[in-house]
Each structure stands twice: as structure tokens, then as C-alpha cells.
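Undergrad: One structure, pasted below without further comment.
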Amino acid sequence: MATDQGPGASPAAPVVTVAGPRVHRAEEVLTPEAVAFVVGLHRAFEDRRRELLARRRARRAEIARTGTLDFLPETAAVRAGDWKVAEAPRALQDRRVEITGPTDRKMVINALNSGARVWLADFEDATSPTWENVVGGQLNLIDAFEGRIDFTSPAGRAYTLRPAAELATVVVRPRGWHLDETHLLVDGEPVAGAFLDFGLYFFHNAARLLARGGGDPNSGPYFYLPKTESHLEARLWNDVFTHAQAELGIPHGTVRATVLIETVTAAFEMDEILYELREHAAGLNAGRWDYLFSIVKNFRDAGEHFILPDRNSVTMASPFMAAYTRLLVRTCHRRGAHAIGGMAAFIPSRRDPAVNEAALVKVTADKEREAGNGFDGSWVAHPDLVPVARSCFDAVLGDRPHQKENPGPAEPVTAADLLDVAGAGGSCTRAGLHNAVQVGVRYIEAWLRGVGAVAIFHMMEDAATAEISRSQIWQWIHNDVVLADTGEKATADLVRRLVAEELAGLRAELGAEAYAAGRWREAAQLFEQVALAEEFEEFLTLPALPLLG
């Protein structure tokens, strides 16, 4: 359905086209006023967004030329300065456990009821951006805030919300700067997914959340900002927040944002990112897969020092990852911001106690390490892991909401520490290559069907997992890696054989009818395209988007 608004209003009025399949109750989300608000963001900030994306490409070219990164000399005064971010609102003081997930109706209820302090409501990596998911997710959040959301499974199980005081605080993650939303066009150009996700949520819910009053601890327009690569990108977000608050008469500083430090370039600008957002900043988060993906993407042609071993062998305790987390905790606490740890993606099995026992040992050790190293909270992907993570942080925090008074480990962090990928040890194996193919193909197939959070081998995977899987294959092939367990060379032909074997295995596992009902052939073709192309594709979701329809 396409609707044009305003072509005859005045010569300067934009032509706005909403072009997408019909979505139930979409008119409640895509009101003329809400669409106009999003269009206003586009017209005010689209040129800057494009300039920043061009700067990304220029910076990557510089990394390719020099083979290194360093802290910015031009912002040394910011790093040395004595300043802090704004005090966190009450709802974001205690963030010891956060759960993440997409905004489908069942997940909204389960996440809010999970017992976690915060729910990251994800329009980004855990959401396949079909028009139904994008619009429906916004509607589900509105319904949740209005207390009218429910869900009944095909098996007849009913899901409803607990009392408001028991619900998690919602923090929305819009899409990153690089993704367009092709279902909303302004003068024939798509708006940024970031403008749409942020704009619709803020327009519909900022005043609603504030109006819920002082007795409700879970009120306020709060955001997670993904894929940030520089402090200039953080500056753009800050200007978007300032503009949006002024447009709707929301007090300045009401918005709070936590930035995911999930790119290696952002790791060198943590102080600067917080400084740009200081009136709206809530903290920083330490990712894993996207951070590793960023290292491969930026240093893919910088030689063997930057070749990652099997992805599952690179943990947050690897030296270069530990350096990155030390710097994050120290930076956040020095600036009065929360430091939030990484994801526990394990999905408990009700059929295999041995799998559960082994995984929970790892999850507990990971969360104990984060709490002991000064983090103020951490992520889980499944409600059953909330009490596990909470107990780890309770043991350190006690009744305190956070540990910002803890400066973190005293050991200094240098540029060399952040780039010491070789220090991770490990090896590149055929088993690791096979796992990358399996996870990549299985995830992409689900994404093409509109599912962005996918259970694969007892782990909850999202787009970041597929990115590290395909980028690591690209890196191994283009660096002539020899696989340690078989002596084979990683080649495109070997990957194609593994993909073919995976498809054959899936057909046997699923049966011919179920296999044919999926999008396995398209997924395999796309995976091979982004893993084996001569030129490295910046994000796999870019060539994937047209396939969503």
C-alpha cells in the first residue's frame, strides 16, 4: 500500500510515500503526525548521516593504508578533562541484569516479566526488518505501556503482564546509521531505519512514559545506540535527541542513551562518545561478536597478526578483549556512567541436563568475572538466566545499585593492547570453519523468513553472529589460512562444499516438505555471496534487505 502526503501543499513540501504490505492496526502507529515527525528527522539530519557514512569509508581506507589505529590527538583535551555525564534517572540506576530480544508480542511479555531490571527492546540485530516486524513491534510497545498486551500461543498458553512495579524498564535499540527503511520514502529516498525506529517510539511514547508519574520507576524514553563508529556519530545522535525533545516539548535531557562499544574504532573514542552525549548519556556496553566482526572488517588486509582463530575460542578473557573491557569500565566510572557487560546467549534445554550444567558453569564464571572486574550489570538472552546473572552481581553489589565508585583494574590500556589480536592464541580449524558455515546459513535462512533472534545449537543468535561467521571465512580465505586440525587450506571451494553438505544435512534432518517450505537455497547463495566475494561487503544485511520483500 502506498500513500502520498503533501505534494500539493507547497513547492517545498516533501512527497512522503509509505509503501509496504498491510499491517494490522498500522494506522495507530503510522499516524500523519508520527510520520511527519519522522520526516522532520530525515530532513534535518539525513545529509549529516550520509556524510558520516562516507567518513566511515575514508577511515577504513586509512586503516588499510596504515594497518593500525590510535587514540585521536585532536581530542586529547576531552580525554584529559574533568567532566561527568548527567546523573542516571531512577529507572536506570540499578541495571545489574538486562535481557535482550525482539519486539514480537510474546517476547515483549516474557521480557517485561523476566525479573531483569532492563529489557533491551531490539529493532536492530535481533529483528528481521520486515514491515510487519517494524510496525508491529512499535504497536506492541504501545500496547504494553497501555497495559493491554496479551498473547495466546498455538497450543493455547496465555501470556499476560505482571503488575507494573514488577516489569523491566524498556530501553529501545533502533537500527544503526547504515540501514535504510525502504518502506518509507521522502522525495523518493528511503529514510534511515534509525530515524524511523527512534522517531516512532519517541513520538508515541515519550510523553506517555513521563505521564505515568513519579510513582512508576520504569518511565522515560531510553535507548541503546548500536554500531557507533566515532564520537561524531554520537554527536549526531545527541543532536537528534535535542531536536526531538524540542519538537514535542519534552524537557531537555529526558532521553538517556547507552552506547554499544561494538566497533574497534569506537573503542578508541569512549571518552569522546560519552562527552558528546554527556547530557543524555547513561553508559556504555561491551559487546562481543560485533566487536570481533569490526576488527576483521577493519583489519582484514593487515596481515596475520589480525587473523582471528575459531570464533568460539575468543572469549572476553582473551588479552585484547580484556583490555577493551578494562578501558570501558574505567572510562565509564571516571565519567559517572554505567558499564554494562556482554551477552550470555545460552538457551537452557529442558531435555539435556548435561548441556545445561556445562553451560551454566561457563555463564556463571563469565558473569562473576564481569562483576568482579567492575561492571555494573550484564546481558542475558533467556529468562532462565536472569537469576544466574543476578546472583553473580548480587554477590558483589549487595544492596548498592551499581559500583561506579570502583575505578576498575589499574592496569593501563594502550593502543597496542587493544590491537593485540595475535595474543588471543587459539587456532583456525576445519571444525571452526564448519561451525561458521552452519551458523551463518541457518541464521540467514531464518532472517529471510522474518525471524531475527534464532536458537542455533543451544545459543540465541542474532545478525552479529552471522556477521562474524561470514567475515571470518572471508579473512581466512584471503589470508591463505591453513587449518590446524586437517592441514587443508581455507578456500572458496572448501566453503562451497561445506555449504552443500550443510544443505543436504538439513534436507535429511527436516524432511523434504519442511525443507522446501524454507528459504535454504537463497540463504546459502547469500551466505556464499558475502563470505566469498572478492570485495568485502560492509554489512550482510545490505544485500539481504531486497530479499525480504
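The values are calculated or read from the model by the stated rules, or taken from the named source; none is laboratory data. Small disclaimer: the values here were computed from a predicted structure and weren't measured. Ideal geometry is used to build each Cβ from the backbone, glycine not excepted, and the neighbour counts take in all protein chains shown. SASA here: full protein model, heavy atoms, side chains in, ligands and nucleic acids out. Shrake-Rupley method; radii C 1.70, N 1.55, O 1.52, S 1.80 Å.
Undergrad: In this structure, is residue 445 under 27 Å from residue 382 (Cα atoms), in contact (Cβ under 8 Å) with a residue 60 or more places away in the chain and not hydrophobic (A, V, I, L, M, F, W, C)?
TA: yes
Undergrad: Shifting gears a bit: Need pairs with beta-carbon distance below 6 Å; first residue modelled with pLDDT of 95 or more and within segment 163-189, second among the small types (Gly, Ala, Ser) and in a strand (DSSP E or B); sequence gap 6+ or separate chains.
TA: Short answer, once both residue conditions are applied: 170/121; 172/121; 183/19.
Undergrad: Mind checking which pairs have a first residue in segment 476-496 that is closer than 17 Å to residue 307 by Cα and among the small types (Gly, Ala, Ser) and a second that is open to solvent by 30 Å² or more (accessible area, probe 1.4 Å) and in a loop (DSSP other than H, G, I, E, B), Cβ under 6 Å, 6 or more apart or different chains?
TA: So the pair list comes out as 484/427.
Undergrad: Output the helices (runs of 4 or more DSSP H) that fall wholly within segment 190-267 and possess 1 or more residues being open to solvent by 10 Å² or more (accessible area, probe 1.4 Å), or say none.
TA: It comes to 193-211, 231-248.
Undergrad: Sort out which residues of segment 268-289 are at pLDDT 95 or above and part of a helix (DSSP H, G or I), and write them in order of number.
TA: 270, 271, 272, 273, 274, 275, 276
Undergrad: Looking at segment 456-485, which of the residues that are among the polar types (S, T, N, Q) and over 25 Å from residue 384 (Cβ atoms) is farthest from the chain's Cα centre (by Cα)?
TA: It comes out as 479.
Undergrad: All but one of (1) more than 24 Å from residue 305 (Cβ to Cβ); (2) of a type in the set (Ser, Thr, Tyr); (3) in contact (Cβ under 8 Å) with a residue 60 or more places away in the chain hold for residue 471, so report the exception by its number.
TA: That leaves (1) as the condition not met.
Undergrad: What single numbered condition from (1) at pLDDT below 95; (2) hydroxyl-bearing (Ser, Thr, Tyr); (3) open to solvent by less than 10 Å² (accessible area, probe 1.4 Å) fails to hold for residue 128?
TA: Among (1) at pLDDT below 95; (2) hydroxyl-bearing (Ser, Thr, Tyr); (3) open to solvent by less than 10 Å² (accessible area, probe 1.4 Å), the lone unmet condition for residue 128 is (1).
Undergrad: Give the number of residues within segment 54-77 that are open to solvent by less than 30 Å² (accessible area, probe 1.4 Å) and assigned to a helix (DSSP H, G or I).
TA: Residues that pass the stated criteria total 3.
Undergrad: Filter segment 392-451 down to the residues that are closer than 26 Å to residue 371 by Cβ and basic (Lys, Arg) and list them by number.
TA: 400, 404
Undergrad: Further question: Of 33, 46, which residue is of a type in the set (Asp, Glu), within 26 Å of residue 200 (Cα to Cα), under 26 Å from the mean Cα position of the chain (by Cα) and modelled with pLDDT of 95 or more?
TA: So the residue among 33, 46 that is of a type in the set (Asp, Glu), within 26 Å of residue 200 (Cα to Cα), under 26 Å from the mean Cα position of the chain (by Cα) and modelled with pLDDT of 95 or more is 46.
Undergrad: Scan segment 497-524 for residues that are under 29 Å from the mean Cα position of the chain (by Cα) and either surrounded by 15 or more Cβ atoms within 10 Å (Cβ to Cβ) or touching a residue at least 40 places away in the same chain (Cβ under 8 Å) (or both) and report the count.
TA: Total meeting the criteria: 11.
Undergrad: Let me ask something additional. Out of the residues in segment 319-348 that are assigned to a loop (DSSP other than H, G, I, E, B) and open to solvent by 10 Å² or more (accessible area, probe 1.4 Å), state the one that is nearest to residue 373 (Cα to Cα).
TA: Among those residues, the one meeting the criterion is 336.
Undergrad: Provide a single number: the residues in segment 290-318 that are acidic (Asp, Glu) and not in a loop (DSSP other than H, G, I, E, B).
TA: Summing the residues that are acidic (Asp, Glu) and not in a loop (DSSP other than H, G, I, E, B) in segment 290-318 gives 2.
Undergrad: Just to be sure before I move on: is residue 137 of a type outside the set (Lys, Arg) and in contact with a His (Cβ under 9 Å, 6 or more places away or on another chain) in the structure I sent?
TA: no
Undergrad: Still on this structure, please answer the following. Inspect all residues belonging to segment 348-356 and state whether any of them is at negative phi and in contact with a strand residue (DSSP E or B) (Cβ under 7 Å, 6 or more places away or on another chain).
TA: No.
Undergrad: Considering only segment 349-359, state which residues are open to solvent by 60 Å² or more (accessible area, probe 1.4 Å) and closer than 12 Å to residue 384 by Cα.
TA: Of everything in segment 349-359, just one residue is open to solvent by 60 Å² or more (accessible area, probe 1.4 Å) and closer than 12 Å to residue 384 by Cα, namely 350.
Undergrad: Also, quick follow-up: Considering only segment 387-490, give the helices (runs of 4 or more DSSP H) lying wholly within it that have at least 2 residues that are more than 30 Å from residue 520 (Cα to Cα).
TA: Filter on segment 387-490 gives 415-418.
Undergrad: Name the helices (runs of 4 or more DSSP H) wholly inside segment 503-549 in which the number of residues that are closer than 19 Å to residue 130 by Cα is 2 or more.
TA: Correct list: 520-532, 541-548.
Undergrad: Tell me, please, whether a residue that is open to solvent by 20 Å² or more (accessible area, probe 1.4 Å) and closer than 30 Å to residue 405 by Cβ can be found in segment 293-300.
TA: Within segment 293-300 (the criterion being open to solvent by 20 Å² or more (accessible area, probe 1.4 Å) and closer than 30 Å to residue 405 by Cβ), the answer is no, since none of the residues qualifies.
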